[in-house]
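The values are calculated or read from the model by the stated rules, or taken from the named source; none is laboratory data. Quick caveat: nothing in here was measured; it's all calculated off a predicted structure. All Cβ positions, even for glycine, are placed from backbone atoms using ideal geometry, and neighbour counts span all protein chains on display.
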Amino acid sequence: MDLNLLRKHIKKYVKEIEEDREKHIKDMAERKDRRLFYQSWTKERILKMGEEELYNYLARLWAMLIWGNKHYVVEKILKEHGLKTVRNELADLVWGKAPIESRWDRFRGNIKGMGPAMMSEILCHVHPNECMLWNRRAYVGLNYLGVKGLPRYNYQMKGAKYKELSTIAQKIGAQLKNYGIEAPDLLVVDYFIWDELQVEDNLSQIHSKPIKGKVEKAVELKDAETANFIHNEVRDKLADIGRWLGFMSYVEIKVAEGSKVDTVWEATIGNMGRVIYVFEVQTKGSTDSLILNLLKSLNNPAVQGVVAVSDAGQIEKIKKHAANVGDLSKKLKYWDYTEVLQIHEALEAVNESINTLGLVPQGF
């Protein structure tokens, strides 16, 4: 981490606080309010929360700003896991006795629909001296400071990495304290990163394509656990993209006896019927199985397109296998999974910005 660059921005931050003391007081009050709210949810209280209380607990998160309909996110989590499981895992993440890296990995492995941004925000509010808030803005800020080995995508954020980054954030907090910033916990560090380290060039480059020669290793070369995380993250983000584009989106949809596809986008066109697009994500396993699932999905006349999503190397293998498979070769499209993740980030930023305006109320 470039300490000289950090100190330069801290000095600027201190000057801005002195010039607008009212804003600083307001920010401090907001931080205190958020801490008190989440810290009031003890382990016992979390274990007793109802569905509406879970909604109120999650809806306040900044990470939820990307969703105009926050009920959709909470309902999806509950449908996938059930209230009891979500309560138990959330209580363990926030108040468990195991090291944070173990609790983090357990939660990530057991609960879908709550990624690092939501998890870290909750932890930061409850344990602001130990746990940082990790999101796209934190990535941009730490990258600007020259921190190496940052997790570019959610599947790369494992518990050990989260603990490592929280330690780095604590060092930033120590520097803030040296320059007279009052009580610089990691929520204060987050405000500093947001206000001072969102450098324009850095922020715009987050959505750029990888530099030639620095692309990710093929998915198939990763360990089985990581490949599974990538598969689930890409599957779920395909569903998010579809929903943001106005489709009804579903994951793990049965297309025939014994066959499921990863993600489906569906739209109804007036009274004329449905249009469906099918996506299969390949990170490991049989290419023949992927092709068979997509071929079966084409038996539905509403399916207008099928897409294989994988890394560049496996896409070439899929193309060779599909070349002689009748109608499939004519309709099959290919999408690199890194592009899916980049597009999701871009649309996430757009939705966050629009939803911050509050143009559409939540309703009932």
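Here is a list of conditions, (1) crowded, with 18+ Cβ neighbours inside 10 Å; (2) free of Cβ contacts under 8 Å to residues at least 60 places away in the same chain; (3) touching a helix residue (DSSP H, G or I) at 6+ places or on another chain (Cβ under 7 Å); (4) over 24 Å from residue 243 (Cβ atoms), and residue 127 meets all of them except one; can you say which number that is?
Among (1) crowded, with 18+ Cβ neighbours inside 10 Å; (2) free of Cβ contacts under 8 Å to residues at least 60 places away in the same chain; (3) touching a helix residue (DSSP H, G or I) at 6+ places or on another chain (Cβ under 7 Å); (4) over 24 Å from residue 243 (Cβ atoms), residue 127 violates only (3).
Among the residues of the range 60-88, count how many are within 22 Å of residue 40 (Cα to Cα), surrounded by fewer than 20 Cβ atoms within 10 Å (Cβ to Cβ) and either without any contact (Cβ under 8 Å) to a residue 40 or more places away in the chain or not assigned by TED's automatic domain parsing to the domain that holds residue 190 (or both).
The total comes to 4.
Given (1) within 21 Å of residue 352 (Cβ to Cβ); (2) at pLDDT below 95; (3) outside any helix (DSSP H, G or I), identify the lone condition not met by residue 132.
Single failed check for residue 132: (2).
Can you go through 10, 25, 17, 46 and tell me which one is exposed (fewer than 15 other Cβ atoms within 10 Å of the Cβ), among the hydrophobic types (A, V, I, L, M, F, W, C) and either part of a helix (DSSP H, G or I) or assigned by TED's automatic domain parsing to the domain that holds residue 124 (or both)? Spell out the reasoning first.
Details: 10 fails: exposed (fewer than 15 other Cβ atoms within 10 Å of the Cβ); 17 fails: exposed (fewer than 15 other Cβ atoms within 10 Å of the Cβ); 46 fails: exposed (fewer than 15 other Cβ atoms within 10 Å of the Cβ).
After applying the criteria, what remains is 25.
Test residue 280 against the stated conditions and say whether it is out of contact with any strand residue (DSSP E or B) (no Cβ under 9 Å at 6 or more places or on another chain) and surrounded by 13 or more Cβ atoms within 10 Å (Cβ to Cβ).
Working: out of contact with any strand residue (DSSP E or B) (no Cβ under 9 Å at 6 or more places or on another chain): no; surrounded by 13 or more Cβ atoms within 10 Å (Cβ to Cβ): yes.
No, not satisfied.
Could you figure out which of (1) closer than 20 Å to residue 237 by Cβ; (2) out of contact with any Lys or Arg (no Cβ under 6 Å at 6 or more places or on another chain); (3) surrounded by fewer than 22 Cβ atoms within 10 Å (Cβ to Cβ) isn't true of residue 113?
Here residue 113 clears every test but (2).
Find the residue count for the range 178-192, including only residues that are over 18 Å from the mean Cα position of the chain (by Cα) and surrounded by 15 or more Cβ atoms within 10 Å (Cβ to Cβ).
Within the range 178-192, the first condition is being over 18 Å from the mean Cα position of the chain (by Cα), and the residues that meet it are 178-189, 191-192.
Checking which are surrounded by 15 or more Cβ atoms within 10 Å (Cβ to Cβ) leaves us with 181, 184-189, 191-192.
So the count comes out to 9.
Would you check which residues across the range 72-83 are over 23 Å from residue 133 (Cα atoms) and assigned to a helix (DSSP H, G or I) and list them? Lay out the reasoning, then the answer.
To start, the set of residues in the range 72-83 that are over 23 Å from residue 133 (Cα atoms) comprises 72, 75-76, 78-83.
Passing the criteria: 72, 75, 76, 78, 79, 80, 81, 83.
Please name all residue pairs, on different chains or six or more residues apart, with Cβ atoms under 9 Å, provided the first residue is in the range 3-22 and is in contact (Cβ under 8 Å) with a residue 60 or more places away in the chain and the second residue is among the small types (Gly, Ala, Ser).
Close Cβ pairs satisfying both conditions: 5/146; 14/180.
Looking at the range 154-174, I want the residues that are on the phi < 0 side of the Ramachandran plot and have a partner that is of a type in the set (Gly, Ala, Ser) with Cβ atoms under 7 Å, at least 6 apart or on another chain. Which pairs are those?
154/115; 159/102; 162/120
Spot the failing condition for residue 55; the list is (1) over 27 Å from residue 164 (Cβ atoms); (2) surrounded by fewer than 17 Cβ atoms within 10 Å (Cβ to Cβ), and only one is missed.
The one condition residue 55 does not meet is (2).
What tally of residues in the range 28-43 results from selecting those that are buried (at least 17 other Cβ atoms within 10 Å of the Cβ), at pLDDT 90 or above and assigned to a helix (DSSP H, G or I)?
Going residue by residue through the range 28-43, those that are buried (at least 17 other Cβ atoms within 10 Å of the Cβ) are 31, 34-35, 38, 41.
Keeping just the survivors that are at pLDDT 90 or above gives 34-35, 38, 41.
Checking which are assigned to a helix (DSSP H, G or I) leaves us with 34-35, 38.
Looking only at that region, the number is 3.
From 259, 297, 249, which residue is touching a residue at least 24 places away in the same chain (Cβ under 8 Å), in contact with a helix residue (DSSP H, G or I) (Cβ under 6 Å, 6 or more places away or on another chain) and either of a type in the set (Gly, Ala, Ser) or surrounded by fewer than 21 Cβ atoms within 10 Å (Cβ to Cβ) (or both)?
Details: 297 fails: in contact with a helix residue (DSSP H, G or I) (Cβ under 6 Å, 6 or more places away or on another chain); 249 fails: touching a residue at least 24 places away in the same chain (Cβ under 8 Å).
The conditions single out 259.
What number of residues within the range 49-71 satisfy the criterion of being touching a helix residue (DSSP H, G or I) at 6+ places or on another chain (Cβ under 8 Å) and not in a helix (DSSP H, G or I)?
Within the range 49-71, residues that are touching a helix residue (DSSP H, G or I) at 6+ places or on another chain (Cβ under 8 Å) and not in a helix (DSSP H, G or I) number 6.
So which of 122, 77 is under 26 Å from residue 345 (Cα atoms) and at pLDDT 95 or above? Even if it seems obvious, please write down each step before you answer.
Numbers: 77 fails: at pLDDT 95 or above.
Going through 122, 77 in turn, the sole match is 122.
Taking the range 105-129 as the search range and keeping residues that are charged (D, E, K, R), assigned to a helix (DSSP H, G or I) and within 14 Å of the chain's Cα centre (by Cα), which one is nearest to residue 66 (Cα to Cα)? So that I can check it myself, show each step before the final result.
First pass over the range 105-129, keeping only residues charged (D, E, K, R): 105-106, 108, 112, 121.
Within this subset, residues satisfying the condition of being assigned to a helix (DSSP H, G or I) are 105-106, 108, 121.
Among the residues that remain, those that are also within 14 Å of the chain's Cα centre (by Cα) are: 108, 121.
Values: 108: 20, 121: 14 Å.
Among them, the one singled out is 121.
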